[in-house]
Structure formats: structure tokens, C-alpha cells
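The values are calculated or read from the model by the stated rules, or taken from the named source; none is laboratory data. Note that the coordinates shown come from a computational prediction; the quantities given were computed from them, not determined experimentally. Cβ atoms come from the backbone with ideal geometry, glycine included; neighbour counts cover every protein chain shown. Keep in mind that these areas ignore ligands, DNA and RNA; they rest on the heavy atoms of the full protein, side chains included. Shrake-Rupley method; radii C 1.70, N 1.55, O 1.52, S 1.80 Å.
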Amino acid sequence: MPVRLSPGKKKFIQSLFLCLGGTALALILWTMGWFDSWEAKTWDWRVSMLAKPGQATDEIRLILLDQNSLDWAKNTHGLSWPWPRETYSAITNYCHRSGAKALAFDVIFSEPSKYGVEDDASFGAAISEFGRFAASVHLGRTTGSETSWPPHLASPKFKIIGLESWLVRTEARGITLPRASMPIPEVSRNAAVLCNVHARPDPDGIFRRVRLFGTFDGQVLPYLGLGAYLAANPDAPMRIEPGRLTIGQRSIPIDNQGDVILRFRGPSGTHKAYSAAAVLQSEIRVLAGLEPVIRDKAAFKDKYILFGFSAPGLYDLRPTPVSGVYPGVEIHVTLLDNFLSGDFMRHVPPWLTIGLVIISALTCSLLATYFSLPFQSIIIGLVVFSLPVLLSIGLYIKGFWLSLVILELAVFTTYASALMANYAIEGQQRRFIKSAFRQYLSPMVIEQLIQNPQKLELGGERKVLSIFFSDIADFTTMSEDMTAENLTMLLNDYLSAMTDIIHAHGGTLDKYEGDAIIAFWNAPLDVPEHAVKAVRASLFCQSKLAEIRPIYRERTGWDMFMRIGVNTGVAVVGNMGSHTRFDYTMFGDAVNLASRLEGINKEFGTYTVISQSTRDLLGEEFMVRELARVVVIGRRESVTIYEPMLHEAYEWRKEVLAAFAHGLDLFYQGRFEEAIEVFSAIEHRDPPAAAYIKKCEALMASPPEDWQGLWVVITK
């Protein structure tokens with residue numbers, strides 16, 4: 001007899017299969033390296049967001065040969081590039097005089113000075129006198145004039161214990177390099193340590209990691225950042241073993257190629273830097289018995305100093321996660337900073353990554369299977385897609401690079417599979433509703449019906465709406481001169497443009513009645529600030545029509561204008577019609593008033609009118625001018641109406657609007673003759689003023705017995 005599983009057990013088994021599928025796909029693609037470039041980009045995002053100074057950031061100083069330094073040397077001393085070695089001697093002497101802990105030059109002095117032998121000799125003497133100087137060498141496979149260690153140089157005294165066995169065990173291929181570009185003897189013989197400055201970026205061209213050392217002809221050359229430390233600490237022992245390089249008491253996590261992931265401190269300039277010009281001027285002034293340009297006498301005291309180029313023309317700018325233009329010397333600085341702070345980054349172990357993938361996929365499949373309602377799916381989606389990001393950020397802070405893409409891929413495939421399974425198993429009723437009612441209801445209402453099928457019954461609810469009515473002025477006359485085809489094309493273009501704006505501002509389209517558009521805000525879904533959005537949509541519709549008016553003029557020979565009325569009030573809104581055919585619409589006194597406001601524009605020569613109830617909800621979002629206190633057909637109470645406008649339009653018309661407001665106040669007081677005088681001054685610039693002149697003249701001809709300042713509208 002077959003075993004019948006309970007629904008809960010079926011869902012659990014379904015979750016396990018979904019988890020296995022999502023995990024397997026993610027791990028296969030991960031091992032194939034398909035998403036390495038994406039992972040690198042997510043890492044750059046984490047670095048840019050979380051980079052901050054470390055404990056040792058203030059122990060390091062930069063001297064940058066920037067563009068200002070080049071300009072200063074040329075304009076002040078007539079020095080063209082390359083500079084004489086004498087300038088570097090002055091920089092070295094100043095660092096020595098200032099008590100620097102060590103000095104490293106990210107410059108390969110591979111050619112003799114064009115200023116003569118004495119120029120090189122003076123630089124060599126400055127290096128020798130300082131003592132704690134790290135010089136640069138370029139190791140490579142195809143570039144470099146040296147193929148063996150120069151006989152005039154003593155072998156470096158730096159040795160790495162365990163290097164030979166480590167090379168055999170790891171089969172590191174990029175450590176031993178056959179060619180070298182060495183500095184001139186005056187530099188190489190006097191430097192405390194020779195350092196490799198050759199670095200290779202990741203496959204996408206971004207520098208995220210460095211190789212801590214290279215070997216040439218059996219000699220170890222540390223990377224320049226470490227070389228600066230070794231120049232100041234020549235007796236520090238070095239030992240290497242799988243996954244770790246130890247220098248003195250400090251340990252560095254490395255991979256099987258000897259690479260380390262850098263923890264960048266921030267964009268270029270995070271480490272305190274001084275221009276080469278400032279250092280040179282300071283040395284010149286000190287020798288002359290004057291105050292140096294660098295006022296802080298302890299600026300270089302007990303600091304590691306690295307010298308490099310940042311001028312664009314000197315071609316030592318590199319792309320990094322924190323900046324697309326990053327001086328190469330700052331990569332060496334970052335290495336030294338990480339070493340001194342003891343906070344290098346490291347990869348999360350593969351076994352832990354696989355475990356996190358399985359846990360993420362299983363959690364996602366269980367949640368998506370057991371909580372399958374649409375709003376639940378949205379919340380679950382936000383949670384399960386956010387968790388790997390938050391986890392990767394947390395691990396970054398702890399010093400680990402977690403592969404974010406594989407986690408997100410596992411979550412995505414599992415979640416997508418769960419949604420498809422839910423759709424296939426539980427979506428029959430939803431598909432029926434969409435199929436049965438898509439001809440009659442708007443997509444928004446259909447979605448509500450899917451969530452609440454009981455709403456298929458007729459009926460509605462009382463709700464505060466912001467209601468929009470619009471109509472094209474003189475459309476009947478304009479349409480008489482057009483063919484049916486052209487008229488249809490024109491209306492389709494116009495209605496599409498206006499409807500797009502209404503939808504973009506959260507409105508619900510009720511219906512079209514010829515050229516008229518009826519819409520509302522705050523139903524079927526609640527819309528915060530619905531009055532503001534309705535008025536904004538109205539002004540945007542007017543702006544859009546003004547933009548396309550010249551096109552319509554060419555097609556019709558007419559200038560097309562639109563009148564809009566907006567009112568906010570309580571209306572009945574819901575599914576209305578017969579038991580076999582109904583629509584989502586509204587009715588009530590507030591709806592009728594909005595329709596009247598659209599027509600009132602004719603009285604005043606305006607194009608957008610709003611009611612007092614709408615005005616009360618606008619706050620300071622728009623400027624308005626009061627137009628009138630009107631009484632419309634079908635209502636006993638008067639309503640104050642306004643013309644809304646953007647702040648820019650108000651400022652442009654401020655003088656006219658102020659005059660209109662004064663005339664309106666006189667009108668309310670029944671001082672019609674004085675009001676005419678005020679309105680006459682602006683009637684050619686303001687249609688409502690012209691309308692008030694006619695109204696005042698009519699009232700003067702037949703004075704009212706009990707004047708209350710009301711404008712009675714007798715037409716619809």
C-alpha cells in the first residue's frame with residue numbers, strides 16, 4: 001500500500017530537492033570560474049564602502065612627485081624632466097635630517113644621470129649616509145638587461161627560512177623570475193635592501209593583491225612595501241610555510257603563489273602626503289638657515305617614508321578597487337600599512353564557503369516553499385538576497401573575503417525554482433482569475449483580486465480620493481476638420497502621453513470619455529500625499545502638452561490646450577456594474593465637483609483649477625493663487641478655487657499675481673470700480689484679470705442686493 005505523505009512532508013521534500021539543485025548549480029559554476037569577474041566587482045564594492053585607516057596608517061608618509069612639483073622645478077629652477085639626481089639627494093637628506101625611520105623610492109634608477117657622474121655619486125653618498133634606504137628593482141620574464149646577479153653587488157642578507165621546501169610544495173610559478181632591471185651601482189651598492197616593484201593586476205586589470213617577494217638568480221627581493229620595513233629592521237628573521245609568511249613577530253596570510261590580498265585604506269590621499277616640491281624647498285631653506293616650508297618639524301620623525309610619482313605624465317597610475325587612478329607607490333604604502341597593522345585580508349576557506357552555500361540554499365528553499373503568498377515571497381526575497389550581502393560585509397570587517405556571487409547564485413537559483421514550483425502547484429486559481437477577467441479589469445485590480453478573490457462581489461467603500469478630470473479645449477470644433485483616421489491617431493497619442501504621466505505619479509485611470517480623462521488617487525491602494533501627486537501629475541501633463549503642442553499644430557492646424565480640474569474628497573470607489581460585467585470606478589459629490597472644476601477653467605481663461613480641500617493638503621509643495629469663491633450647479637455651498645503652479649512659474653509672474661490678489665480683495669469687498677482699475681493694468685498678461693473686468697462690469701450694471709463675494713457659475 002503506497003504511503004501517503006502529509007502536505008508538510010511533501011513541502012519539506014520539495015525544499016530538499018530545491019536546495020540540492022541550487023547548491024549543485026552554484027558550486028559547478030563556481031569551480032569553473034564563470035563568475036570570477038563578477039565576484040571581483042562585488043569585492044571592489046565592499047572595499048570602496050568599508051575602506052578606512054588602520055592602526056599604522058599614521059606611521060607612514062608619502063612624498064609625491066606631482067604635477068605641481070614638475071611645474072615648480074621648471075618655472076623656478078629651469079629643470080626639465082628627468083630631474084638631476086641632486087634633487088633626490090636633497091629629498092633623502094631631508095628625510096634623514098627629519099629622523100625618518102626608513103625611506104623607500106618607487107623609482108628604478110637604471111640609467112646614469114645625464115648630468116654626469118658626480119650627480120650619481122652625490123645621490124649614492126646621500127643613500128649611504130642615510131643607511132635605511134630601500135631601492136627598486138624590476139623583475140620580469142621578458143624585460144630586463146640582467147640575467148644574473150651583478151658581480152659588483154653583494155648578495156642580499158635577507159633570507160627566507162623554508163623557501164625551497166615551500167616552492168616545491170606549492171609549485172609557485174611566479175616567484176622565480178629570470179630577468180631584472182637593476183639600479184645604477186651608486187644606488188644598488190648603498191641601499192640597505194633591493195626590492196622588487198613589478199606587480200601584476202588581476203585578470204580584469206585591477207590591482208587587488210601583491211606578491212610579497214620575488215627571487216632572481218637565487219636572491220630574495222621583497223616587495224617595496226616590505227622592503228621599507230626591512231630597511232629599518234634588517235635583523236628581522238623571515239620564515240615561510242604553506243599559507244603564511246612570518247617576518248619577526250608579524251605574520252602575513254599568503255596563497256600558494258605568495259600573493260596577499262590588500263586591505264585598502266581609502267582613496268588616493270588617505271595616507272598623509274607631501275609634494276616633492278615642498279620637501280625640496282624645505283631642504284633648501286633649512287640649509288639657508290630659514291624656516292622650512294613643511295612647518296611640522298616632526299612630520300617625518302620615526303615615520304616610514306615612500307617616494308613615488310603621481311603626475312599623470314610619469315605613467316605610474318594604477319586602477320584599484322578604491323580608485324581608477326591610484327599612484328603605484330600607494331599600493332606599496334598599502335602593503336606596508338597592512339603589515340604594520342596586522343590586518344591583511346584572506347579568503348574564506350573553501351569548506352566553509354560550501355557549507356554557507358548549502359545553508360543559504362536550504363534556508364531559502366524552506367522559506368519560499370512554506371510561505372508562498374505574494375507579499376510573503378517579496379519579504380522572503382528581500383531577506384534571502386540581503387543576508388549574503390550582510391554576511392560578506394561582516395566577514396570583510398573581520399578580514400575575510402567571502403565569495404558573495406556563489407551565495408547569491410545559490411539563493412537565486414533556489415528561490416527561482418521555488419517560485420516556479422509554487423506557481424505550478426498553487427497558481428491554478430490565480431491563472432483562472434487572470435484569464436477570466438483580464439478583458440474587463442485593469443491589471444492593478446486583477447492583482448488585488450488574486451490576493452483577495454472575495455472582492456469579485458459587487459460593492460465599494462467610502463474613501464478620500466484626489467480626483468482628476470481633464471478635457472481638450474474646443475475639441476469638437478477641431479475634430480470637424482480631421483479625418484476619422486487622423487483623429488483616432490491624434491487621440492491615441494495624446495491619451496497615451498497623459499496616461500503615462502498619471503500612472504507614473506501613482507494615479508488610477510478610471511475611464512476615457514472621448515477626449516476626456518478621468519482618474520483618481522488613493523485607491524485601490526493607499527497613496528501617501530495623494531493630493532500632491534495629483535496636482536504634480538496635472539502640472540506635468542500641462543508641461544508635456546506644451547512640449548508636443550507644435551507637433552500637434554502641424555497635424556491639425558490648431559493649438560491644443562487642456563483644461564484640468566482636481567478635487568479631494570470622500571467618494572464611493574469599488575467594483576460597480578452588473579453581476580456579469582463591472583469595472584473599478586467611483587461616484588459621489590466629490591467626483592461631480594472635480595468635473596465642474598474642469599469646466600470652470602472656461603470662466604477664468606485658466607487651464608488647471610483645484611479646490612480648497614486639495615489646496616489644504618499641498619503644504620508648501622506648490623505655489624497657488626486664489627481665483628474665486630464659486631458656487632457651481634448642483635451645490636449650495638460655495639468653494640474656493642485656486643490655480644496651482646510650480647515655484648519657478650510663480651516667481652516669474654509674481655508681480656502680476658500680486659496685482660491680481662489685490663484686485664480680488666477689492667472684488668470680495670464689492671469695490672468693483674476700484675477692482676476694474678487694478679485688473680485693467682494686467683488684463684493683457686493675465687486672462688483671469690480680463691474675466692474679472694467683465695464680471696465687475698456686469699455686477700455694476702446690476703448691483704447685487706446682498707453681496708458675499710461669490711462668483712456663481714451657471715454653466716457646466
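Reported count of residues in the stretch 525-541, each being surrounded by fewer than 20 Cβ atoms within 10 Å (Cβ to Cβ) and over 15 Å from Thr614 (Cα atoms), is 3. Taking the stretch 473-499 as the search range and keeping residues that are within 20 Å of Val609 (Cα to Cα) and touching a Lys or Arg at 6+ places or on another chain (Cβ under 8 Å), which one is least open to solvent (accessible area, probe 1.4 Å)? It comes out as Met498.
When Asn68 is tested against the conditions (1) touching a residue at least 40 places away in the same chain (Cβ under 8 Å); (2) part of a loop (DSSP other than H, G, I, E, B); (3) under 44 Å from the mean Cα position of the chain (by Cα), the lone failure is (2).
Out of all the residues in the stretch 619-628, is one or more open to solvent by 10 Å² or more (accessible area, probe 1.4 Å), modelled with pLDDT of 95 or more and touching a Ser or Thr at 6+ places or on another chain (Cβ under 9 Å)? For the stretch 619-628, residues open to solvent by 10 Å² or more (accessible area, probe 1.4 Å), modelled with pLDDT of 95 or more and touching a Ser or Thr at 6+ places or on another chain (Cβ under 9 Å): present.
Checking the condition assigned to a loop (DSSP other than H, G, I, E, B), touching a strand residue (DSSP E or B) at 6+ places or on another chain (Cβ under 9 Å) and either closer than 20 Å to Ala104 by Cα or of a type outside the set (Phe, Trp, Tyr) (or both), which residue from Pro203, Pro222, Pro183 passes? Spell out how you get there, then give the answer.
Working: Pro203 fails: touching a strand residue (DSSP E or B) at 6+ places or on another chain (Cβ under 9 Å); Pro222 fails: assigned to a loop (DSSP other than H, G, I, E, B).
That would be Pro183, the only listed residue that is assigned to a loop (DSSP other than H, G, I, E, B), touching a strand residue (DSSP E or B) at 6+ places or on another chain (Cβ under 9 Å) and either closer than 20 Å to Ala104 by Cα or of a type outside the set (Phe, Trp, Tyr) (or both).
So which residues in the stretch 602-613 are buried (at least 24 other Cβ atoms within 10 Å of the Cβ) and without any contact (Cβ under 8 Å) to a residue 60 or more places away in the chain? Spell out how you get there, then give the answer.
Step one: list which residues in the stretch 602-613 are buried (at least 24 other Cβ atoms within 10 Å of the Cβ), which gives 609-611.
Of everything in the stretch 602-613, those that are buried (at least 24 other Cβ atoms within 10 Å of the Cβ) and without any contact (Cβ under 8 Å) to a residue 60 or more places away in the chain turn out to be Val609, Ser611.
Identify the residue in the stretch 493-524 that is within 25 Å of Val570 (Cβ to Cβ) and among the aliphatic types (A, V, I, L, M) and, among all such residues, is farthest from the chain's Cα centre (by Cα). Among those residues, the one meeting the criterion is Ala516. Residues in the stretch 126-145 that are open to solvent by 20 Å² or more (accessible area, probe 1.4 Å) and in contact (Cβ under 8 Å) with a residue 40 or more places away in the chain: Ser128, Gly131, Arg132, His138.
When Arg244, Arg295, Arg285, Arg265 are screened for being of a type in the set (D, E, K, R) and either touching a residue at least 40 places away in the same chain (Cβ under 8 Å) or open to solvent by less than 10 Å² (accessible area, probe 1.4 Å) (or both), only Arg265 passes.
For the stretch 102-112, the criterion of a residue being open to solvent by 70 Å² or more (accessible area, probe 1.4 Å) and either of a type in the set (Lys, Arg) or free of Cβ contacts under 8 Å to residues at least 40 places away in the same chain (or both) is satisfied by no position.
Those strands (runs of 3 or more DSSP E) of the stretch 444-539 in which 2 or more residues are at pLDDT 85 or above and of a type in the set (Val, Ile, Thr) occupy 459-472, 516-521.
Checking each residue in the stretch 500-524 for being out of contact with any Asp or Glu (no Cβ under 7 Å at 6 or more places or on another chain), under 20 Å from Leu597 (Cβ atoms) and open to solvent by less than 40 Å² (accessible area, probe 1.4 Å) picks out Ile501, Ile502, His505, Gly507, Thr508, Asp510, Ile517, Trp521, Asn522, Ala523.
Only a single item in (1) open to solvent by less than 70 Å² (accessible area, probe 1.4 Å); (2) more than 24 Å from Tyr607 (Cβ to Cβ) is not met by Ala661, and it is number (2).
Of the listed requirements (1) out of contact with any strand residue (DSSP E or B) (no Cβ under 9 Å at 6 or more places or on another chain); (2) farther than 22 Å from Ile517 by Cα, Gly605 misses just one: (2).
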